[in-house]
Amino acid sequence: MTRALPLLLLGVVRPISAQTVRTTPAASSTATPVAVPAVQRTRPVVATVDPLDAWVVTRFRGAHLLVDSAVTLTSLASLASNGPLPRVESARAGRDSDTLLAVHFSARRDAPMMQILSRARLVGANGTIVPVTVRVLQRRLFRAPRVPAAKVDVESQWRYGWAYLVVLPHDNDRPAGRYRSWLLLPTTSP
């Protein structure tokens, strides 16, 4: 149940007590549906939600999740120098590793800053690059409205963004929350 709690809060999953199965007798097409409690089911239906996708849609109201584009490393290197660095927006502490969620916006939807499974360094608020290396596990292209009630077909009312889920080794002397608003600097080392 603890794993389904975030899904309940997002409205993706309903509690078992609220689920019902509707059945209609096959002999009559005008019969009214009969509610059968979900407790009689053998397995409840649970939708799975990607944590990065869930974070994007809760963080940016009205965001549209988009399909990732394929970008070569050569074009990535040329785009990376011109774009903004991803900024850590959220941090979660774990037992073995901590999770950071970062985002950056770009004028181009084909300009991600980092590749999946690449490494990055953390840049502090004063510009100091710390000796902590993080690994990018996921990324998600999305678009978020620039104005309230943005029209789907009006491009100028939307901005494109990239969200990243990165991990770093847990350290009891370094709380994960301290990395909020820090930047991720892509590295060329594997």
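Worth pointing out:
- Contour minus Cα-Cα distance for ARG108 and ARG135 (0.36 nm per residue): 7.3 nm
- In this entry, segment 99-190 is assigned a mean projected area of 7.2 nm², taken as a quarter of its C-alpha convex hull surface.
- Modelled label positions at ASP68 and LEU117, each set 7 Å beyond Cα in the direction of Cβ, lie 1.0 nm from each other.
- When +1 charges are put on Lys and Arg Cβ atoms and -1 charges on Asp and Glu Cβ atoms, the dipole computed for segment 51-186 relative to its Cα centre reaches about 220 debye.
- In percent, rounded to a whole number, the relative contact order of segment 51-186 is 34, using alpha-carbon pairs under 8 Å and six or more apart.
- Here the simple spin-label model places points 7 Å from the Cα toward Cβ, and for ARG174 and VAL152 these points are separated by 4.4 nm.
- Positive-end residue of THR133, PHE105, VAL154, charge dipole of segment 51-186 with Cβ unit charges: VAL154
All of the numbers you see were taken from the coordinates with simple rules; none came from a lab. Values in this document were obtained by computation on a predicted structure and should not be read as measured data. Counting neighbours? That spans all protein chains shown, and the Cβs are built from the backbone with ideal geometry, glycine included.
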